[in-house]
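A.B. asks: There's a structure below that I have some questions on.
The values are calculated or read from the model by the stated rules, or taken from the named source; none is laboratory data. This one's a predicted model, so the numbers in the text were calculated from it and none came from an experiment. With ideal geometry, Cβ positions are generated from the backbone for all residues, glycine too; neighbour counts draw on all protein chains shown.
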Amino acid sequence: MGFLSEVVERVRSDLRRAPLDESSLLARAMHRPPTRGFEEALRLAEPPAIVAEIKRASPSAGSIAETEPASQARAYEAGGAVALSVLTEPHHFDGSLADLRAARAATRLPVLRKDFLIHPAQLIEARAEGADAVLLIAAALSDAELTAMVATGRDLGLGLLLETHTENDLERALASDALVIGVNARDLETLEVDLERALRLVRRVPPDRLALLESGISTREHVERALEAGVRALLVGEALMRAADPAGAIRELRGAA
């Protein structure tokens, strides 16, 4: 069993053992102000739109950097990021919903919750905690679950980033109503990165959807190759977390340095 399968099984087990209180979360979510437009921010930005990620650690890299989410978020906004991604998974990424709240309070950017989301209650939780958008991983969801998650996200006013890694993932994503299709260069089962394979897959995303590339991006050359393949947006985490000047690193990736 690979990494993704193990994590998803753990999440399912945790939710069976301790279900989220949907009624309470929904009451909180309904009192939140309108979400900031994640999909609109990506669509209106001049490519490459940078979604800058806050993560302290990862299973592939181990510990990456200690950070204060609010200051990191402000640096990302100053560099020209159009949205933030915040890891909220605690066991492998050292993240939390507190990180999401702090990052959102510090900027005007839409904030995406990045986690292993497999139940509609987790989307209600995301909305209640202030998320403007969520990541859904196609490979972690059955067809029925994917349909239900997309519908729930739309009902809650959340933006959606639907992540794919294989041709089958992409076919399922394109059959959904998701407008932003992510292609992850990292295989979440093996944790290996193959940028060439990802770029080939990106070319299959039709122009009526917005193609976003995840993982493996650290240089302007990577960005230029992604743009040539039709990518409109990039989600960048580790390279920015390790940068001494995150705002400058974003400007360099955007070609604005």
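A.B. asks: Which of the residues that make up region 46-98 are among the acidic types (Asp, Glu) and out of contact with any Gly (no Cβ under 6 Å at 6 or more places or on another chain)? Give the derivation first.
C.D. replies: Taking region 46-98 as the starting set, the residues that turn out to be among the acidic types (Asp, Glu) are 46, 53, 66, 68, 77, 89, 94.
Of everything in region 46-98, those that are among the acidic types (Asp, Glu) and out of contact with any Gly (no Cβ under 6 Å at 6 or more places or on another chain) turn out to be 46, 66, 68, 77, 94.
A.B. asks: Considering every residue within region 3-19, establish whether at least one is within 30 Å of residue 71 (Cβ to Cβ), surrounded by fewer than 16 Cβ atoms within 10 Å (Cβ to Cβ) and not acidic (Asp, Glu).
C.D. replies: no
A.B. asks: In region 150-167, what residues are over 13 Å from the mean Cα position of the chain (by Cα) and outside any helix (DSSP H, G or I)? So that I can check it myself, show each step before the final result.
C.D. replies: Pass one, region 150-167, residues over 13 Å from the mean Cα position of the chain (by Cα): 150-157, 165-167.
Scanning region 150-167 gives 156, 157, 165, 166.
A.B. asks: Continuing with the same structure: I want to confirm something. Restricting to region 144-166 and keeping residues that are acidic (Asp, Glu) and out of contact with any helix residue (DSSP H, G or I) (no Cβ under 7 Å at 6 or more places or on another chain), which single residue is surrounded by the fewest Cβ atoms within 10 Å (Cβ to Cβ)?
C.D. replies: Our first condition is that a residue be acidic (Asp, Glu); within region 144-166, this holds for 145, 155, 163.
Pick out the ones that are also out of contact with any helix residue (DSSP H, G or I) (no Cβ under 7 Å at 6 or more places or on another chain) and you get 145, 155.
Numbers: 145: 14, 155: 12.
Among residues in region 144-166 that are acidic (Asp, Glu) and out of contact with any helix residue (DSSP H, G or I) (no Cβ under 7 Å at 6 or more places or on another chain), the one surrounded by the fewest Cβ atoms within 10 Å (Cβ to Cβ) is 155.
A.B. asks: Just to be sure before I move on: is residue 24 farther than 27 Å from residue 109 by Cα and either at pLDDT 95 or above or of a type in the set (Lys, Arg) (or both) in the structure I sent? Steps first, answer last, please.
C.D. replies: On the way: farther than 27 Å from residue 109 by Cα: no; either at pLDDT 95 or above or of a type in the set (Lys, Arg) (or both): yes.
No, not satisfied.
A.B. asks: Same structure, new question: Identify all residues within region 132-149 that are over 12 Å from the mean Cα position of the chain (by Cα), without any contact (Cβ under 8 Å) to a residue 60 or more places away in the chain and within 27 Å of residue 190 (Cβ to Cβ); write none if there are none.
C.D. replies: Here is the first cut: in region 132-149, the ones over 12 Å from the mean Cα position of the chain (by Cα) are 138-149.
Checking which are without any contact (Cβ under 8 Å) to a residue 60 or more places away in the chain leaves us with 138, 141-149.
Correct list: 138, 141, 142, 143, 144, 145, 146, 149.
A.B. asks: I would also like to ask the following. Just name the residue that is surrounded by the most Cβ atoms within 10 Å (Cβ to Cβ) out of those in region 100-125 that are aliphatic (A, V, I, L, M) and under 13 Å from the mean Cα position of the chain (by Cα). Walk me through how you get there before you give the answer.
C.D. replies: We begin by selecting, within region 100-125, every residue aliphatic (A, V, I, L, M); these are 100, 102-103, 105-106, 109, 111-112, 117-118, 121, 123-124.
Going one step further and asking which of them are under 13 Å from the mean Cα position of the chain (by Cα), we end up with 100, 111-112, 117.
Working: 100: 27, 111: 30, 112: 26, 117: 24.
Restricting to residues being aliphatic (A, V, I, L, M) and under 13 Å from the mean Cα position of the chain (by Cα), the top hit is 111.
A.B. asks: Please specify each residue of region 168-189 satisfying the condition of being in a helix (DSSP H, G or I) and either polar (S, T, N, Q) or touching a Pro at 6+ places or on another chain (Cβ under 9 Å) (or both). Walk me through it before giving the result.
C.D. replies: Let us first name the residues in region 168-189 that are in a helix (DSSP H, G or I), namely 168-174.
Result: 168, 174.
A.B. asks: State which residue pairs qualify: first residue more than 18 Å from residue 51 (Cβ to Cβ) and inside region 96-123, second residue in a helix (DSSP H, G or I) and hydroxyl-bearing (Ser, Thr, Tyr) in any location, beta carbons under 8 Å apart, and separation of 6 or more residues or different chains.
C.D. replies: Going by the 8 Å Cβ cut-off, the qualifying pairs are 120/152; 123/152.
A.B. asks: Turning to a different aspect of this structure: Looking for whichever is over 15 Å from the mean Cα position of the chain (by Cα), under 30 Å from residue 231 (Cβ atoms) and basic (Lys, Arg) here; the options are 32, 43. Which one fits?
C.D. replies: Numbers: 32 fails: under 30 Å from residue 231 (Cβ atoms).
The conditions single out 43.
A.B. asks: I've got another one for you. Cβ-Cβ below 9 Å, separation at least six or inter-chain, first residue in region 71-92 and at positive phi, second in a helix (DSSP H, G or I): which pairs?
C.D. replies: 80/247; 80/250; 80/251; 80/254
A.B. asks: Out of 81, 70, 57, I need the residue that is over 18 Å from residue 253 (Cα atoms), among the small types (Gly, Ala, Ser) and touching a strand residue (DSSP E or B) at 6+ places or on another chain (Cβ under 6 Å). Which one? Before the answer, list the steps.
C.D. replies: Numbers: 81 fails: over 18 Å from residue 253 (Cα atoms); 70 fails: touching a strand residue (DSSP E or B) at 6+ places or on another chain (Cβ under 6 Å).
Matching residue, one of 81, 70, 57: 57.
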